[in-house]
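Remarks on the structure that follows.
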């Protein structure tokens, strides 16, 4: 049984975390990061070749979390596998004890560390959600019966600060119709914009878990503003980080994340904290957000 | 049209064995429009190779004007009837045309050694005399009726069928901030046409069996049959 599903269906405000598998086989640091989240979050996302960089897989690291009694949200992108491999990995995930899967498009290979790789995208994220839910019903995407079916709790992502927002809302509805049962969002730094999005999406009645990316520095904020779609860190927040001496940055990061969570809490059904390696801060963030 | 671009001259000269007798063939349709294998470029290629010590024994761009090299009957006739002696003498052929024209020369010379002088880059629209761009990926299963006439397979870097990813910024694609997001273009156009509802319909995954290679088409005056791994798909204009 998925604890994430139980919590969301039980209308509990959920907290999820995230770890990023490394480039190589030394996964101890990654598992150590996950340990900081034990007992603090309901589930831990495991990213799938994040930033299109070739790494150890999210399936392996998710399975390692299961072994340790931690609940993963297995991220699965459409970038690297055709529909046979995607469905097969979903079945494998279930066999390895993974209950939650987040279905994503995936960053394009040219953004990663091997620009010449073939972008697959045999399915898109909507079709992947449909495939996962067909597997849950005991059939594959081609309609063939399965010998034993999974019961994966399937989620998707949405970018609330996209401009224009309407195409995102249209696609969000398609994802729900295809079987998305929860949404995680891109990082939110502007609660007012998030509220506008929530109002547009209010008819959908699917839980939304707001994304919190732990801000590490003013430079990081500026970099995201320049380069990352759907993320905007307002000037005041950039300045707040810039004015913070280096030794106090982690403390400030905690304060900002906690403040955002308090502001976002009435608007969503949970928060997804992406600490980008600063996982040891997550317990403090949760505490200061009043969710401890 | 099949867009082509000449390979680097050093790569081409590297193909030939010492003394190899080479006959250069261009195409008066697409390659002429791409300035990669029309009459001036083919003559120029012959001269450029000669100055680099390649034994070029002749060149031609099969006529009539504007005809495609990939029309086998015409290419065979021109090569065999107008250049018969040179064709017999040649050890090999350098083709300045697309991959289809390239193979046509192989057929027209009954299997002689043929060297590619161009890279075939895409099938495109000749927007202006000096700009050709790609709107179709030749997938064998057109869906533009539902996307405002703009193909997401081609215009979206990820060929997504059900809407944009989260990677666009200011209407530009994540792979290149100077490139329009294909789905932004589709959204804008559907909205302008009053057909935005069409974007809400679920689109099934592509039938890749129709995109299998090689595919063929058997055509007659009243019917045509498309042959791919998806099977034989016949249509008639008689009903």
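Computed quantities for the displayed model
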{"item": "In segment B:193-215, residue farthest from residue B:146 (Cα to Cα) [restricted to those that are free of Cβ contacts under 8 Å to residues at least 12 places away in the same chain and more than 10 Å from chain A (Cβ to nearest Cβ)]", "result": "B:214"}
{"item": "Unmet requirement for residue B:99, which otherwise passes all of (1) away from chain A (no Cβ under 14 Å); (2) farther than 21 Å from residue B:27 by Cα; (3) out of contact with any helix residue (DSSP H, G or I) (no Cβ under 7 Å at 6 or more places or on another chain)", "result": "(2)"}
{"item": "Filtered residues of segment B:158-172 (kept if more than 18 Å from residue B:211 (Cα to Cα) and facing chain A (nearest Cβ under 7 Å))", "result": "B:162, B:163, B:164, B:165, B:166, B:167, B:168, B:169"}
{"item": "Residues of segment A:100-129 satisfying the condition of being outside any strand (DSSP E or B) and within 24 Å of residue A:16 (Cα to Cα)", "result": "A:105, A:106, A:107, A:125, A:126, A:128, A:129"}
{"item": "So residue B:94, is it away from chain A (no Cβ under 14 Å), more than 28 Å from residue A:158 (Cα to Cα), modelled with pLDDT of 95 or more and surrounded by fewer than 21 Cβ atoms within 10 Å (Cβ to Cβ)", "result": "no"}
{"item": "Members of segment A:128-148 that are within 11 Å of chain B (Cβ to nearest Cβ) and touching a residue at least 40 places away in the same chain (Cβ under 8 Å)", "result": "A:128, A:129, A:130, A:131, A:141"}
{"item": "Residue match in segment B:134-141 (condition: at pLDDT below 95, under 24 Å from residue A:112 (Cβ atoms) and either in contact with a strand residue (DSSP E or B) (Cβ under 9 Å, 6 or more places away or on another chain) or more than 7 Å from every other protein chain (Cβ to nearest Cβ) (or both))", "result": "no"}
{"item": "Top-ranked residue in segment B:147-157 [being part of a loop (DSSP other than H, G, I, E, B) and more than 8 Å from chain A (Cβ to nearest Cβ); ranked as farthest from residue A:230 (Cα to Cα)]", "result": "B:149"}
{"item": "Criterion violated by residue A:209 - all others in (1) buried (at least 18 other Cβ atoms within 10 Å of the Cβ); (2) assigned to a helix (DSSP H, G or I) satisfied", "result": "(2)"}
{"item": "Residue match in segment A:236-252 (condition: within 14 Å of chain B (Cβ to nearest Cβ) and in contact with a helix residue (DSSP H, G or I) (Cβ under 7 Å, 6 or more places away or on another chain))", "result": "no"}
{"item": "Positions within segment B:80-110 being closer than 24 Å to residue B:121 by Cβ and outside any helix (DSSP H, G or I), in sequence order", "result": "B:92, B:93, B:94, B:95, B:96, B:97, B:98"}
{"item": "Hits in segment A:78-116 (condition: free of Cβ contacts under 8 Å to residues at least 12 places away in the same chain and under 22 Å from residue B:181 (Cα atoms))", "result": "A:115, A:116"}
{"item": "Given (1) within 23 Å of residue A:209 (Cβ to Cβ); (2) in contact with a helix residue (DSSP H, G or I) (Cβ under 8 Å, 6 or more places away or on another chain), number of the condition residue A:190 does not satisfy", "result": "(2)"}
{"item": "Residue B:89 being touching a residue at least 60 places away in the same chain (Cβ under 8 Å), touching a strand residue (DSSP E or B) at 6+ places or on another chain (Cβ under 9 Å), surrounded by fewer than 17 Cβ atoms within 10 Å (Cβ to Cβ) and outside the structural domain of residue B:213 (by TED's automatic domain parsing)", "result": "yes"}
{"item": "Considering residues of segment A:86-112 that are within 11 Å of another protein chain (Cβ to nearest Cβ) and crowded, with 20+ Cβ neighbours inside 10 Å only, the residue nearest to residue B:161 (Cα to Cα)", "result": "A:105"}
{"item": "In segment A:26-41, the residues that are assigned to a loop (DSSP other than H, G, I, E, B) and surrounded by fewer than 22 Cβ atoms within 10 Å (Cβ to Cβ)", "result": "A:26, A:27, A:38, A:39, A:40"}
{"item": "Breaking point among (1) touching a residue at least 40 places away in the same chain (Cβ under 8 Å); (2) touching a helix residue (DSSP H, G or I) at 6+ places or on another chain (Cβ under 9 Å); (3) within 14 Å of chain B (Cβ to nearest Cβ), for residue A:211", "result": "(2)"}
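Results for (1) surrounded by fewer than 22 Cβ atoms within 10 Å (Cβ to Cβ); (2) farther than 14 Å from residue A:165 by Cβ; (3) under 23 Å from the mean Cα position of the chain (by Cα), shown as yes or no for each residue.
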site	(1), (2), (3)
B:152	no, yes, yes
B:166	no, no, no
B:173	no, yes, no
B:176	yes, yes, no
B:179	yes, yes, yes
B:185	yes, yes, no
B:189	yes, yes, no
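Results for (1) touching a strand residue (DSSP E or B) at 6+ places or on another chain (Cβ under 7 Å); (2) at positive phi; (3) within 14 Å of chain B (Cβ to nearest Cβ); (4) touching a residue at least 60 places away in the same chain (Cβ under 8 Å), shown as yes or no for each residue.
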| residue | (1), (2), (3), (4) |
| --- | --- |
| A:150 | no, no, no, yes |
| A:153 | yes, no, no, yes |
| A:162 | no, no, yes, yes |
| A:173 | no, no, yes, no |
| A:177 | no, no, yes, no |
| A:183 | yes, no, yes, no |
| A:190 | no, no, no, no |
| A:215 | no, no, no, no |
| A:223 | no, no, yes, no |
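The values are calculated or read from the model by the stated rules, or taken from the named source; none is laboratory data. This structure is a prediction, so every number in the text was calculated from the model and none was measured. So basically every Cβ, Gly included, is an ideal-geometry build from the backbone, and we count neighbours across all protein chains shown.
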